[in-house]
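Participant: To start, I am sharing the structure in question, which I have written as structure tokens.
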Amino acid sequence: KDASLQSILGSEANPVRPQPALLKILHTAGAKGETFTLKQVMHYLGQYIMVKQLYDKQQQHIVHCGTDELGELLGITTFSVKDPSPLYEMLKKNLYRISY
Ligand SMILES: C[C@@H](c1ccc(Cl)cc1)n1cnc(-c2ccccc2)c1-c1c(C(=O)NCCN2CCN(C3CCCCC3)CC2)[nH]c2cc(Cl)ccc12
């Protein structure tokens, strides 16, 4: 999985620039600045889910994002962290690779 994600978004070394809607979500989770590594994007998205309490308290791998900006971005109302494919699709559309 990681390999496919890496191929989409370049290596960890290459920073990416999130589109405004995704950048706003990362900033809500405490991110600073405009460019991040993939690892940072994933970390802050995880923090966002925690801060906004979007995960299911009973089944903690289920994320309910239907009433949240994250759901707008993903175009879905619920997903499992065990199947990140909707996430990869969203990141492909919302992250610009920066090639110097
Ligand atoms: C392996 C990793 C992951 C990472 C990427 C992907 Cl595409 C799937 C899965 N992961 C495993 N569970 C989570 C998770 C689950 C519920 C709430 C928040 C995070 C995550 C996610 C992280 C993260 O950076 N995770 C650090 C450790 N997590 C362990 C779970 N922890 C739990 C603490 C108790 C409540 C439930 C979460 C939070 C910190 N970033 C994410 C961003 C999104 Cl869009 C979706 C999920 C995650």
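Participant: Please list, ordered by first then second residue, the pairs with beta carbon atoms under 8 Å, 6 or more apart or interchain, first in region 86-98 and open to solvent by less than 100 Å² (accessible area, probe 1.4 Å), second of a type in the set (Lys, Arg) and in a strand (DSSP E or B).
Facilitator: Leu95/Arg17; Ile98/Arg17
Participant: Could you list all residues from region 86-100 that are in contact with a strand residue (DSSP E or B) (Cβ under 9 Å, 6 or more places away or on another chain) and more than 8 Å from the ligand (Cβ to nearest atom)? Please lay out each step first, then the result.
Facilitator: Filtering region 86-100 down to residues in contact with a strand residue (DSSP E or B) (Cβ under 9 Å, 6 or more places away or on another chain) leaves 86-87, 91, 94-98.
Once the filter is applied, which keeps residues that are in contact with a strand residue (DSSP E or B) (Cβ under 9 Å, 6 or more places away or on another chain) and more than 8 Å from the ligand (Cβ to nearest atom), region 86-100 yields Pro86, Leu91, Asn94, Leu95, Tyr96, Arg97, Ile98.
Participant: Do you know which of the residues in region 53-66 that are aliphatic (A, V, I, L, M) and within 8 Å of the ligand (Cβ to nearest atom) is surrounded by the most Cβ atoms within 10 Å (Cβ to Cβ)?
Facilitator: Residues of region 53-66 that are aliphatic (A, V, I, L, M), as a first pass: 54, 62-63.
Still in the list and also within 8 Å of the ligand (Cβ to nearest atom): 54, 63.
On the way: Leu54: 18, Val63: 25.
Top of the filtered list is Val63.
Participant: Please work out which residue is nearest to Ala29 (Cα to Cα), limiting yourself to region 67-85 and to residues that are touching a helix residue (DSSP H, G or I) at 6+ places or on another chain (Cβ under 8 Å) and away from the ligand (no atom under 12 Å from the Cβ).
Facilitator: Glu69
Participant: Can you find a residue that is under 11 Å from the mean Cα position of the chain (by Cα) and either touching a residue at least 40 places away in the same chain (Cβ under 8 Å) or not in a helix (DSSP H, G or I) (or both) anywhere in region 63-77?
Facilitator: Yes, the conditions are met somewhere in region 63-77.
Participant: Oh, and also: Please enumerate the residues belonging to region 82-100 that are under 22 Å from Gln19 (Cβ atoms) and assigned to a loop (DSSP other than H, G, I, E, B).
Facilitator: Looking only at region 82-100, we keep the residues that are under 22 Å from Gln19 (Cβ atoms), and these are 84-100.
Residues satisfying the conditions are Pro84, Ile98, Ser99, Tyr100.
Participant: Among (1) at pLDDT 95 or above; (2) within 10 Å of the ligand (Cβ to nearest atom); (3) in a helix (DSSP H, G or I), there is one condition Leu22 misses while meeting the rest; what is its number?
Facilitator: Among (1) at pLDDT 95 or above; (2) within 10 Å of the ligand (Cβ to nearest atom); (3) in a helix (DSSP H, G or I), the lone unmet condition for Leu22 is (2).
Participant: Whether any residue in region 35-52 is more than 8 Å from the ligand (Cβ to nearest atom), surrounded by 13 or more Cβ atoms within 10 Å (Cβ to Cβ) and touching a residue at least 60 places away in the same chain (Cβ under 8 Å) is what I want to check.
Facilitator: Within region 35-52, one or more residues are more than 8 Å from the ligand (Cβ to nearest atom), surrounded by 13 or more Cβ atoms within 10 Å (Cβ to Cβ) and touching a residue at least 60 places away in the same chain (Cβ under 8 Å).
The values are calculated or read from the model by the stated rules, or taken from the named source; none is laboratory data. Note that the coordinates shown come from a computational prediction; the quantities given were computed from them, not determined experimentally. Cβ sites come from the backbone with ideal geometry, for glycine too, and all protein chains shown count toward neighbours. We work out accessible area using only protein heavy atoms, side chains counted, and drop any ligands, DNA or RNA first. Shrake-Rupley method; radii C 1.70, N 1.55, O 1.52, S 1.80 Å.
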